[in-house]
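A short worksheet on the structure shown next.
The values are calculated or read from the model by the stated rules, or taken from the named source; none is laboratory data. It should be emphasised that the depicted structure is a prediction, and the values quoted were computed from it without experimental measurement. Neighbour counts run over all protein chains shown; Cβ positions are idealised from the backbone, glycine included.
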C-alpha cells in the first residue's frame, strides 16, 4: 500500500483498477482557472479534477478566515464520495508544482482517516517525461460512500497556536520562502512577517532539482535538524494559507518521523486579528 509517494511507473500499471482513483490537483495562485484548463487539454487517463478553491477550500470570510480555509467535514465527505472514494479505494494525487497542491489533498484524506493515498512523485512533468499516455477525455466514476474517521490531533487553530508560542516543547515551522518569512518580499498577503518564534522551513527544500522528493534519508536529516529535540507531534506547520505546509507534513511523514500538526488557517488567517503578534526578519536561521 502506498501512503506517501508513488512513482509514475507504478501508477501506469493501475490506471484501469476500479479501486484506484487518480486526482489531478493542478492549480495556479496567479490564475485560478489554469489548472482546470490544463486538465481539459491533457491529463493522466481516468484522472478526475479537483479545484483548490472550489473543492478543497471553504468560502472565505473576509477578516476572519485565511485564503484557503478548510471545508467542513460533511462537505469533504460529499466531495470524496462523489469522486468514488471509499474505504477500499487507493487514491493517487498529482499536480505540476512538485506536489505543492497535491499534498493538501493527501493531508485532508489522512486527516479524515483515509491512509490509502499517495502523491505522484515528480508529478505531471515526470509522468510525461516517462512517456506515459495523456488524454483530454473526461473520466466518469460512480460515487461511493466515504466514511470519515477524523484525527483531530493533526490540526490546530489560531488560539491553540497562541497558547504554545512560548512553550519550548513545541516548534512552529513556516513553509514559505525565506523572503516572505522575513517580511522582505510579501507579494500575497497584506501584512508581512511570520508567527513569533517560528523557524523558516521552505517546502521547496524537500525536492531535488528535478522536482522529485528527496530520499527518505535526506528528508530525515532535514527534519531532525529542524526539529532538534522536539517530538514530531509537537511540530506545528503553517504557510500562507494551509496548502504548502502540507508538503512539509508529507515529507516528514515520508521520512518515517510520523505526523506533524497543521495550522490550516496559516499566515493569512493569523493576520486577520491584530491582537496576534507578528515578527519580521529571521531570529532563528
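Does residue 43 satisfy the condition of being surrounded by 14 or more Cβ atoms within 10 Å (Cβ to Cβ), over 19 Å from the mean Cα position of the chain (by Cα) and modelled with pLDDT of 95 or more? Outline the logic, then answer.
Details: surrounded by 14 or more Cβ atoms within 10 Å (Cβ to Cβ): yes; over 19 Å from the mean Cα position of the chain (by Cα): yes; modelled with pLDDT of 95 or more: yes.
Yes; evaluated as a whole, the condition is true for this residue.
State all residues of segment 20-34 that are surrounded by 14 or more Cβ atoms within 10 Å (Cβ to Cβ) and not in a strand (DSSP E or B); if no residue qualifies, say none. Spell out how you get there, then give the answer.
The first filter runs over segment 20-34 and keeps only residues surrounded by 14 or more Cβ atoms within 10 Å (Cβ to Cβ), leaving 20-29, 34.
Hits for segment 20-34 are 25, 26, 27, 28, 29, 34.
Which ones in segment 190-222 are part of a loop (DSSP other than H, G, I, E, B) and farther than 23 Å from residue 102 by Cβ?
We begin by selecting, within segment 190-222, every residue part of a loop (DSSP other than H, G, I, E, B); these are 190-193, 195-198, 201-202, 208-212, 214-215.
Selection gives 190, 191, 192, 193, 195, 196, 197, 198.
Any idea which of (1) in contact (Cβ under 8 Å) with a residue 60 or more places away in the chain; (2) on the phi > 0 side of the Ramachandran plot; (3) out of contact with any helix residue (DSSP H, G or I) (no Cβ under 8 Å at 6 or more places or on another chain) is the one residue 123 doesn't satisfy?
The one condition residue 123 does not meet is (3).
Suppose we filter 214, 173 for residues that are surrounded by fewer than 20 Cβ atoms within 10 Å (Cβ to Cβ) and in contact (Cβ under 8 Å) with a residue 12 or more places away in the chain; which single one remains? Give the steps one after another, and end with the answer.
Details: 173 fails: surrounded by fewer than 20 Cβ atoms within 10 Å (Cβ to Cβ).
The match here is 214.
Return a yes/no flag: does segment 251-260 have any residue that is in contact with a strand residue (DSSP E or B) (Cβ under 7 Å, 6 or more places away or on another chain), closer than 17 Å to residue 164 by Cα, in contact (Cβ under 8 Å) with a residue 24 or more places away in the chain and surrounded by fewer than 22 Cβ atoms within 10 Å (Cβ to Cβ).
Initial filter on segment 251-260 (in contact with a strand residue (DSSP E or B) (Cβ under 7 Å, 6 or more places away or on another chain)): 251, 254, 260.
Filter once more, so that each one left must be closer than 17 Å to residue 164 by Cα: 260.
Going one step further and asking which of them are in contact (Cβ under 8 Å) with a residue 24 or more places away in the chain, we end up with 260.
Checking which are surrounded by fewer than 22 Cβ atoms within 10 Å (Cβ to Cβ) leaves us with none.
The answer is no, given that none of the residues of segment 251-260 is in contact with a strand residue (DSSP E or B) (Cβ under 7 Å, 6 or more places away or on another chain), closer than 17 Å to residue 164 by Cα, in contact (Cβ under 8 Å) with a residue 24 or more places away in the chain and surrounded by fewer than 22 Cβ atoms within 10 Å (Cβ to Cβ).
I'm told residue 55 meets every condition in (1) at negative phi; (2) touching a residue at least 60 places away in the same chain (Cβ under 8 Å) except one. Can you identify the failing condition by its number?
Unmet for residue 55, out of (1) at negative phi; (2) touching a residue at least 60 places away in the same chain (Cβ under 8 Å): (2).
Residue under question is residue 184, and the condition is that it be assigned by TED's automatic domain parsing to the domain that holds residue 211, surrounded by 14 or more Cβ atoms within 10 Å (Cβ to Cβ) and modelled with pLDDT under 95; does it hold?
Details: assigned by TED's automatic domain parsing to the domain that holds residue 211: yes; surrounded by 14 or more Cβ atoms within 10 Å (Cβ to Cβ): yes; modelled with pLDDT under 95: yes.
Judged against the criteria, residue 184 is a match.
Yes/no per residue for (1) in contact with a helix residue (DSSP H, G or I) (Cβ under 8 Å, 6 or more places away or on another chain); (2) part of a loop (DSSP other than H, G, I, E, B):
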position: 2; (1), (2): yes, yes
position: 36; (1), (2): no, no
position: 61; (1), (2): no, yes
position: 70; (1), (2): yes, yes
position: 76; (1), (2): yes, no
